[in-house]
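In what follows, a structure is listed as structure tokens, so that the remarks can point back to it.
The values are calculated or read from the model by the stated rules, or taken from the named source; none is laboratory data. Every value quoted in this text rests on a predicted model; they were computed, and no experiment measured them. Because the Cβ atoms are built from the backbone with ideal geometry, glycine has one as well, and the counts that use them run over all protein chains shown.
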Amino acid sequence: MTNNDNTHELVVIGAGPAALAAAIYTTREEIETVLYEKGIVGGLAATTDWIDNYPGYMKGIEGLRLADELRGQAERFGAKIEFGDVTKLERQGDLLKLRVDNKDVTAKAVLIATGSNYRKLGVPGEEEYYAQGVHYCATCDGAFYAGKRLVVVGGGNSGVQEAMFLTRFATHIDLLVRSDLRASEVLQRKLETMKDKITVHTNVTVEEIVATGKSVSGVRVKQRATGEEHTIETDGVFVFIGLLPNTTFLAGSGVELDEVGLIKSDTNLQTAVPGVFVAGDVRSHATMQIASAVGDGATAALKIREYLEKQEG
């Protein structure tokens, strides 16, 4: 299939693993495909230090390398990746109209693969010192803290994994957990072997990120059981407390969301809006794994091909 006018055959919103996998399939089927990404090509996978459970890599693979390989493969078949922020989606007759960086783009089909953003603590000092002592990506910013003390917030798999990764740089890490550790048993056993580098504080809440001058100097925490507060000295704070789906731009689009903001779809991964499909972590009931996101992308691509064939028929 080729594009004979100003309307794209397929627009993919996002350029993470699900989006790139879909693009590999659609472009090989000669479906003209353009992807719009407002952040990092590869999504959160690209900011993950090491991926150990993606099939085909016996020894694991760096997240950035996996993202680069997916991107290169998609581009080899003709996918076009552009940076742009999609702020609106609506159906107009037989076509779909998107608002991308204040310009209108039309498409015959759309795949939403926007993934999620990092959840914020919402405490004083977090926004003020973002990227100046407060971070959400250990791979991106960990090296700035060689020989420093760090605080990591989060007791799930991500929090524990990133805390262990940051020991490459930091002299000591205080891991703050709101309740009890929720990381897998494998990670908790590994964490036990790193007691000299990581101190775990359970049942504490972060009340404030404090600074001296323009530099983060500590985190004020509260013991949930007693209400007692104290400040842990630190040179930086890394937050890993979960993700929020990137779906706010869908307000008024007709695309249905579940109670947490993830996108509902049928068995064909099509949303409530004809011609609009969803894949990856932003889909309701997704398993939040890179391997399943890639599978979603492949499935969505095949269903999109069927949809376009019916429209042309």
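Of ALA22, ALA45, which residue is outside the structural domain of PHE165 (by TED's automatic domain parsing), more than 25 Å from LEU166 (Cα to Cα) and either touching a residue at least 12 places away in the same chain (Cβ under 8 Å) or under 16 Å from the mean Cα position of the chain (by Cα) (or both)? Going through ALA22, ALA45 in turn, just one is outside the structural domain of PHE165 (by TED's automatic domain parsing), more than 25 Å from LEU166 (Cα to Cα) and either touching a residue at least 12 places away in the same chain (Cβ under 8 Å) or under 16 Å from the mean Cα position of the chain (by Cα) (or both): ALA22. GLY254 meets each of the listed conditions (1) farther than 15 Å from SER116 by Cβ; (2) surrounded by 14 or more Cβ atoms within 10 Å (Cβ to Cβ); (3) outside the structural domain of SER158 (by TED's automatic domain parsing); (4) not polar (S, T, N, Q) apart from (2).
Is it the case that LEU257 is more than 17 Å from VAL86 (Cα to Cα) and either aliphatic (A, V, I, L, M) or at pLDDT below 95 (or both)? Here the answer is yes, as LEU257 does meet what is asked. Restricting attention to region 282-310, the residues that are at pLDDT below 95 and either touching a Gly at 6+ places or on another chain (Cβ under 8 Å) or on the phi > 0 side of the Ramachandran plot (or both) total 3.
Scanning region 86-135 for residues that are among the acidic types (Asp, Glu) and not assigned by TED's automatic domain parsing to the domain that holds ALA21, we see that the one that is surrounded by the most Cβ atoms within 10 Å (Cβ to Cβ) is GLU126.
Looking across region 260-274 at every residue that is of a type in the set (A, V, I, L, M), modelled with pLDDT of 95 or more and in a loop (DSSP other than H, G, I, E, B), the one that is surrounded by the most Cβ atoms within 10 Å (Cβ to Cβ) is identified as LEU269. Answer yes or no as to whether LYS222 is of a type outside the set (Asp, Glu), modelled with pLDDT under 95 and on the phi < 0 side of the Ramachandran plot. Here the answer is no, as LYS222 does not meet what is asked.
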